[in-house]
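K.L.:
Can you read through this structure? Questions will come right after.
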Amino acid sequence: MILKKEVYFLSEKRKNSTKFKHVKRVLVYPLKKFVQTNSLSGNLLLLALVMGLVWANSDYQHQYHILWHETYAGITLGEYSLNMNLHHWINDGLMTIFFFLVGLEIKRELLVGELSVARKALFPVAAAFGGMMAPAIVFLLFQSAGSETIRGWAIPTATDIAFAIGILSLLGNRVPIALKVFLTALAIVDDIGAILLIGIFYSAAPSWGYLSLAIIIVAIMFCLNRAGVRNLLFYQILSVILWFVVLSSGVHATLAGVVAAFTIPVQGKISKKSAAKKSSKLADQLNDLSTSSKEVLGDAMYHSVLSQMSNLYKQAGTPLQRMEHRIHSLVSYFILPLFALANSGITIDPKMIGGVLDALSLGIIFGLCIGKPIGIVTICWVLEKLNFAERPDNISWQQLWASGCFAGIGFTMSIFIAGLAFDNAFFLNQSKLSIIIASFFSTILGTVLLLSSKDKVES
């Protein structure tokens, strides 16, 4: 109900603004900032990956495993205590913040982004669907009936958006902006699919008592949204409580982040008209003060006006965007690299290298490298031939094949799903190694296709 009201609210806002200003404000600038942030994040992920592999295969490999798996930290509140190793805190704790950010991005895209217009949204949505179905089918073709490795069928369905965008950024002006927009939208829809898979197939049987309590907390958060509460502190506190309750329920804790994100309001405290009036008055005051001979450091009135401008932004801006900007750097520059460092440390032995030709490894590698691009391009081709959707402007079929290959970079999300799929240490390490190999070859294939494309790139 709240989401429908917010859709209506934002659609009315779009009607009152010009088309080009809206595109620049809502789509172009956020996308530019998103791409820039994820470019650096992708590089940090790569560095963390290499560090984890080197550390786990050095003379200090024992210390690596002790640090993440045998070092415990806990919280005690009265009768309740929570004690987990660092690896568990990262995967079930910090990664919840990552999924919270994913939820915010999904909500924004549904309201005002690439997924807000049905005909435009259909292309990346369908592409993501094909990019999840085909790898899963390819993976299952390699597995024997009744084999334990079948549980890993969802591993090659995932896409690591940070890595993918990071690679695209390194290619500079060879990448059309439309391709970045398409791949970003595809990855966001892919994240929705991954979240659903985790919730349905990789969560334990829930404790209905805790689950009922979680539903009550979510209902309270939606009620706060509807009542016009815009103070993010209330939502942050309730989100932490929700995470603990969901963790205790048996459902994977990261899902709490996604659900909580959808309760964050999109409307500011004051209207655009009121904000414009106040900003105009403050601008006039600032202009008058610009002629003052006082030093900036000692001009109290000058600082007062600047403070009022800052408060005006908080009142007029959307809480969702403020929250998104607040945690984006934390996720990109700390949480994801830390996750990569803690999860990529595979101690490689001859048996594992030989296992690359096993059904599990081949299913993951071929699923990501071959299944992803085939699934994405095939469904896009069918949609265009049937005239159900339009291929994004300035994207050739070769460039679309390249984006399909880049979508095969499953690193972070694939490793995360692998950790949920397998308790067996050998299967888990084999999966991680296969994901790294597949992501490497997907990067090479996508880069070759993109650089060899003779299609004109428009900036």
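K.L.:
Region 95-154: Rg/Rh from Cα coordinates, Kirkwood Rh?
P.N.:
Using Cα coordinates only, the ratio equals 1.16.
K.L.:
Further, regarding this structure: Between Met309 and Ile241, how high is the FRET efficiency from 1/(1 + (r/R0)^6) when r is the Cβ-Cβ distance and R₀ = 22 Å? Nearest 0.05.
P.N.:
The formula returns an efficiency of 0.05 here.
K.L.:
Here is a follow-up. Per the helix-only calculation at 222 nm, which mean residue ellipticity applies to the chain, given -39500 (n - 2.57) for every DSSP H run of n ≥ 4 and division by its residues, nearest 500 deg cm²/dmol?
P.N.:
Computed mean residue ellipticity for the chain: -22000 deg cm²/dmol.
K.L.:
Also, I was wondering about something else. Which semi-axis lengths, in whole Å and largest first, follow from the square roots of five times the eigenvalues of the Cα gyration tensor of region 368-459?
P.N.:
Semi-axes from the Cα gyration tensor: 31, 16, 9 Å.
K.L.:
Can you give me the distance in nm between label points at Asp288 and Thr71, each placed 7 Å from the Cα along the Cα-to-Cβ direction?
P.N.:
For Asp288 paired with Thr71, the spin-label model returns 5.8 nm.
K.L.:
Further, regarding this structure: Could you pull out which residues in region 305-321 have an amide N less than 11 Å from a spot 7 Å beyond the Cα of Lys277, following the Cα-Cβ vector?
P.N.:
From region 305-321, the list is empty.
K.L.:
Once you have the Kirkwood Rh of region 216-329 from its Cα pairs, apply Stokes-Einstein at 20 °C and 1.002 mPa s and quote D in µm²/s.
P.N.:
Estimated diffusion coefficient is 129 µm²/s.
K.L.:
Could you point to the residue in Leu451, Phe142, Thr347 farthest towards the positive end of the chain's charge dipole, with +1 and -1 charges on the Cβ of Lys/Arg and Asp/Glu respectively?
P.N.:
Positive-most Cα among the choices belongs to Leu451.
K.L.:
Would region 110-267 count as rounded, prolate or oblate if I go by the C-alpha gyration tensor, calling it rounded below 1.5 in a/c and otherwise prolate when a/b exceeds b/c, oblate otherwise?
P.N.:
oblate
K.L.:
Now for a different question. As a quick test, which of the pairs Lys372/Lys432; Lys120/Lys314; Lys107/Lys454; Lys385/Lys454; Lys120/Lys277; Lys372/Lys454 have an alpha carbon distance above 26 angstrom in this structure?
P.N.:
Pairs exceeding 26 Å: Lys120/Lys314; Lys107/Lys454; Lys120/Lys277.
K.L.:
Can you tell me how much longer the chain between Ser81 and Lys454 gets when fully stretched, taken as 0.36 nm per residue apart minus their C-alpha distance, in nm with one decimal? If you can, show how the numbers build up before the last one.
P.N.:
On the way: separation 373, 0.36 × 373 = 134.28 nm, distance 6.04 nm.
Length gained between Ser81 and Lys454: 128.2 nm.
K.L.:
Can you list which of the DSSP-assigned H helices in the chain have a Cα extent of 18 Å or more along the long axis and an average Kyte-Doolittle score of at least 1.0?
P.N.:
Span-like helices here: 95-112, 118-141, 177-201, 208-226, 232-249, 425-451.
K.L.:
Something else about it: Give me the compactness ratio for the chain, meaning the Cα radius of gyration over 2.2 N^0.38 Å.
P.N.:
Taking N as the residue count of the chain, the ratio is 1.05.
Bear in mind these aren't lab numbers, they're just calculated from the coordinates by the rules spelled out. Please read these numbers as outputs of a predicted model, since none were measured by experiment. A quick note on method: Cβ atoms are made from the backbone with ideal geometry, for glycine too, and the neighbour counts reach across all protein chains shown.
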